[in-house]
Amino acid sequence: MTVDAGERTFVASPDVVVRRIAGETLLVLVSSRVGDLDAIYTLSDVASRVWELLASPVSSRQMVDAVCAEYEVGRDVAARDVAGLVDELVGKKLIRPAGDAEGGA
């Protein structure tokens, strides 16, 4: 799946627990088996900022705008990186399109 260039909105899955430990942001998909270390994800600083935005529905364009405003990065690079992050997070069921039913499949 490839994310649209701007208007699709996404939101964090309610099945994810986030913790900040020793300066790192960790995501745990709680629907996974206990002890499943493949269900623990570590985010970079920029990805952590995007994750904060995903607490409520946010468009890809808004994520890119925030990254460009807060980090020294060009819009094309930010758009590509945000699209890649969103694709990865959707693929791992950590986020979902904001219009999907609560707790989507």
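Return the pairs, sorted by first residue and then second, in which the second residue is at pLDDT 95 or above and outside any helix (DSSP H, G or I), the first residue lies in the stretch 69-84 and is surrounded by 13 or more Cβ atoms within 10 Å (Cβ to Cβ), the beta carbons are less than 8 Å apart, and the residues are 6+ apart or on different chains. Listed pairs, sorted by first residue: 78/71; 81/73. Selection of the stretch 30-45 for residues being surrounded by 18 or more Cβ atoms within 10 Å (Cβ to Cβ) and either touching a helix residue (DSSP H, G or I) at 6+ places or on another chain (Cβ under 6 Å) or at pLDDT 95 or above (or both) yields only 43.
The values are calculated or read from the model by the stated rules, or taken from the named source; none is laboratory data. What you see is a predicted model, and the numbers here were worked out from it, not measured in a lab. Because the Cβ atoms are built from the backbone with ideal geometry, glycine has one as well, and the counts that use them run over all protein chains shown.
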